[in-house]
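Reviewing the structure listed below.
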Amino acid sequence: MNRVEELENRVKVLESKLHKEEKVRRVLMDRVENSVASTGNSFGLFENNVLLQKNVEQRTRELKSLLMEKEEVNRKLLHEIEERGKAEIEVSSAHRKIEALVSSIPLIMIEVSNEGIIKRWNAVAEKVFQIESSEVLGMEIYKCPIRWDKDKINELLRRCCSEGIAMTLKAVKFARTNTDGVLDLTISPIMESSLNFSGLIILGADTTEHVLLERQLAQAQKLESIGQLAAGIAHEINTPAQFVGDNARFLDESFGDLERILLLHDRLLDSLKAGSPTDDLVKSIEEMENEIDLDFIRKDIPNAIKQSIEGIGRINKIVRSMKEFSHPGTDEKTGVDINRAIENTINVARNEWKYVAEVATDLDTGMPLVPCLPGEINQVILNMLINAAHAIAEKFGKASGSKGVITIATRLNGEFAEISIKDNGAGIPEEIRSRIFDPFFTTKEVGRGTGQGLAISHSVIVGKHGGAITFESEVGQGAIFVLKLPLRDGMESS
Amino acid sequence: MRRILFVDDEPMVLDGLRRTLRTMGKEWQMEYATSGREALEILAARVFDVLVTDMRMPGMDGCQLLNHVRELYPHTVRIILSGQSDKEELLKSIEPVHLYLSKPCDAEILKATLARTFAVRHLLENDSLAEVISKIQSLPSLPSLYYEIIDEIRSADGSLARVGDIISKDLGMSAKILQLVNSSFFGLATHISSPAKAVSLLGLETIKALVLGIKIFSGFSSSDLPCYSIATLWDHSLATACLAREIARHLNLTQDEIEDSFLAGLLHDIGKLILLDRLPEACGKIAEVASSTECPVSQAEKKVLGTTHGRIGAYLLGIWGFSESVVNAVAFHHCPGECPNDALSALTAVYLANQCQGKNDPGNINKTVNFDLDYLSKSGIDRIEELLLTCSDPCRLGENGGCEDSFRR
Ligand SMILES: Nc1ncnc2c1ncn2[C@@H]1O[C@H](COP(=O)(O)OP(=O)(O)OP(=O)(O)O)[C@@H](O)[C@H]1O
Ligand SMILES: [Fe+2]
Ligand SMILES: [Fe+2]
Ligand SMILES: [Mg+2]
């Protein structure tokens, strides 16, 4: 019977689909069970499917025997056809449920056949990679247009195929039209039996947001360090404010004293002019001079004025430097007077180094303006300066009282502006030299360092300016960091 | 002649101080050092009453210097004059410091602070006692309350209100918290007399750092249980505080004086807590003398120690930077006539309140109430019965523990 045969075929197709679905599911369930808590009843669904399938098989067998009795069972057959129709509907609805389940998984899912052909490319993959499934289905995975580290990923895919073991890879970077992204990948083989390898399933979680968040955190920590700088700046202002205030009060009081003496002198002058006796006046002037300690006042007033001017000068200087240092960072490179940036940074950070070191500068006055991001360059110099101060504090200890020396020099070197920051602190031990630029690598106690200074500096100098950072160090003798910034800004694209 | 040593790594700060304090040269002898090391050399050669030091200095910093001084010259009052604004740095210095002034500090305030410190020294002639008190960083708390506050602060959902409640139930904790709030330590320098308010001003983070990090509180160890219950002392203190405030209102004192009356009432017997904690043997002896000779506790204290719990408490509060009005009220709460100032003040209110609350004064053997009529008439009070009658309500409230500030026990 045509209809029955046709029906049987369709059932078979459905069965085979279901069977494959089940394999995919098995892999999937292993991997995704945790991440997709919302589909907690999926196992129930799966069990139903298997049951359903068994029913279909059973029915098919029964049907075959029934068919042998031909016309006699025609009526029954008709009824059967109805039943099969229902079963078909049920099977396809189960299939749809599985499809829905699979497509609800919030992960990138790429299924690859054992010949390496892309068989599935889910909506998440479309969205994350900005590649439609129609563009890649049927394509060889090794040739797929995802812009990631092809050599490395392909190597992993091959190993997964040949060795039949699952692989995971964290922080896989990939490029797309506007922004770049980061993935965590799992590649698992689909094994039909323990020997029979039937393809691969690639699952990926897009962690771009997460990484961005971490970066923002780093930014916040940077701001925090500026907050700490603020406390130091306040201290640098409060100290001169104390003695300027004291001096002003002293000047006020001593002017009152001088005024009293001057009054007597006026009267003395009047008496002299009038030719009247002056002995009493002279005597009271002498008494008054003693009383107000005129010698002291006359000697000290110029000092008080001088020191007040110096104090105000100090306050002005730090306020001005602070203004320039924290100048709202433009996103574009501008010509920066590197020497001035260095002076400003030294000023705002004075409180961080002055208790442990002297800072000397040797700045090349012929330095042209260097194209760079002023805010970021300030941050880098600050990092270097504070690192140097910390290294010196570590070597000299807290209570020794003797200070170290930090020397900051600039120099024109061909096509580069060179900034060197040298200290005679503890130096950098051989074992950690390869790691100091790693994010979060620090040898400092909590609260003193977060291990981001050099990582940020590296990304600023090398990444954003196309320059270079190098260092040399001798343990116990100190360290020197050299920053090179290209004078011509030709680095944007690479 | 009082001796002061100023220490600052910035010579110009010292020059400025020298200039503004020059007029005090007749009463005060001032010396100057530019480093902790130099300061210690100077201190080794001569006795100083007060040390005023900067905080951040190269080599030995102010905190280290004060720690040395606390060990070597405990009677020297330790003051910090610093431009530091970093809270963490400030917290570090709390331990060894008596008083905190922040730069820029007006010369008049500095002078007044120094003058007050010297005045406090007059309260206690006994040098070895002064030494004992100068070493005190915190007063012991009831163990149960101490653990309660540690638990509250450690718990994830610790609340400021509950912390305030707990602190408000303990004399030692209240005294320390009020010191911090009323000094310029946190730039608050306010006139706060309620421990709960003080706690909410400081905030949970600071309290946490103070209690867990610096451990400004400590519990009595249960082995040396005090001669009489500290809990009763607290009830008496609270009742006295409430009544003193009420009396102050009726005497038409200024708002500051009313606050001071409460504060001084709360802390008036803190000297007893000091004695229990630091001189337990003397404590026992005093109780013995008092009961055998049937004389007031203050007299017994004079016989045994040569001074009273009033003066002892006042001395501590004085070097902790409490105001003169509070210090005097505490010092002379049993003998207002001895106070150099006999104008109507917080002392008057605290004196009257304490006399009325004498019944629940745990150390008081002599339960009859009598007043120093001479002092009262000098301060212009002639009808005390009337005054006390109008103020009787809080009196009763105080006994029940139901004071306005909702302190519970
Ligand atoms: N001038 C230096 N001398 C000696 N060691 C240094 C010097 N500069 C950096 N280092 C070492 O490199 C590590 C990393 O420095 P980096 O600036 O990245 O982080 P950090 O200073 O520890 O913390 P952060 O800068 O985030 O506050 C430091 O912990 C320190 O061990
Ligand atoms: Fe008392
Ligand atoms: Fe009392
Ligand atoms: Mg650093």
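For the reader, a short list of remarks on this structure follows.
- Residue within region A:350-366 that is buried (at least 17 other Cβ atoms within 10 Å of the Cβ) and among the acidic types (Asp, Glu) present: yes
- Residue match in region B:6-29 (condition: under 29 Å from residue B:214 (Cβ atoms) and within 25 Å of the chain's Cα centre (by Cα)): yes
- Checked against (1) out of contact with any Gly (no Cβ under 6 Å at 6 or more places or on another chain); (2) at pLDDT 95 or above, residue A:379 meets all criteria but (2).
- Applying the condition of being open to solvent by 10 Å² or more (accessible area, probe 1.4 Å) and of a type outside the set (D, E, K, R) to region B:100-112 and asking which residue is farthest from residue B:319 (Cα to Cα) yields B:104.
- Any hit, region B:126-142, residues being within 14 Å of chain A (Cβ to nearest Cβ) and open to solvent by 20 Å² or more (accessible area, probe 1.4 Å): no
- Yes/no for residue B:55 being in contact (Cβ under 8 Å) with a residue 24 or more places away in the chain, buried (at least 18 other Cβ atoms within 10 Å of the Cβ) and within 13 Å of chain A (Cβ to nearest Cβ): yes
- Pairing residues of region A:424-440 that are on the phi > 0 side of the Ramachandran plot with residues that are among the aliphatic types (A, V, I, L, M) and assigned to a loop (DSSP other than H, G, I, E, B), at Cβ distances under 9 Å and at least 6 apart in sequence or on separate chains, gives A:427/A:475.
- Figure legend. Inter-residue proximity from region B:85-104: first residues closer than 18 Å to residue B:212 by Cβ, second residues of a type in the set (S, T, N, Q), beta-carbon distance below 7 Å, spacing 6+ or different chains. Indicated pairs: B:90/B:84; B:95/B:137.
- Total residues in region B:18-34, condition in contact (Cβ under 8 Å) with a residue 40 or more places away in the chain and open to solvent by less than 10 Å² (accessible area, probe 1.4 Å): 2
- Taking region A:284-391 and the helices (runs of 4 or more DSSP H) fully enclosed by it, the elements with 3 or more residues that are away from chain B (no Cβ under 14 Å) and more than 17 Å from residue A:410 (Cβ to Cβ) are at A:294-325.
- Subset of region A:178-190 that is more than 17 Å from residue A:156 (Cα to Cα) and open to solvent by 30 Å² or more (accessible area, probe 1.4 Å) - its residue that is modelled with the highest pLDDT: A:180
- Residue within region B:324-340 that is hydrophobic (A, V, I, L, M, F, W, C) and modelled with pLDDT under 85 present: no
- Residue check for residue B:240: away from every other protein chain (no Cβ under 14 Å), among the β-branched types (Val, Ile, Thr), crowded, with 23+ Cβ neighbours inside 10 Å and away from ligand 1 (no atom under 16 Å from the Cβ): yes
The values are calculated or read from the model by the stated rules, or taken from the named source; none is laboratory data. Because the structure is a prediction, the values reported are computed rather than measured. Every residue, glycine as well, gets a Cβ built from its backbone with ideal geometry; the counts of neighbours run over all protein chains shown. Protein only, heavy atoms only, side chains kept; ligands, DNA and RNA dropped before computing areas. Shrake-Rupley method; radii C 1.70, N 1.55, O 1.52, S 1.80 Å.
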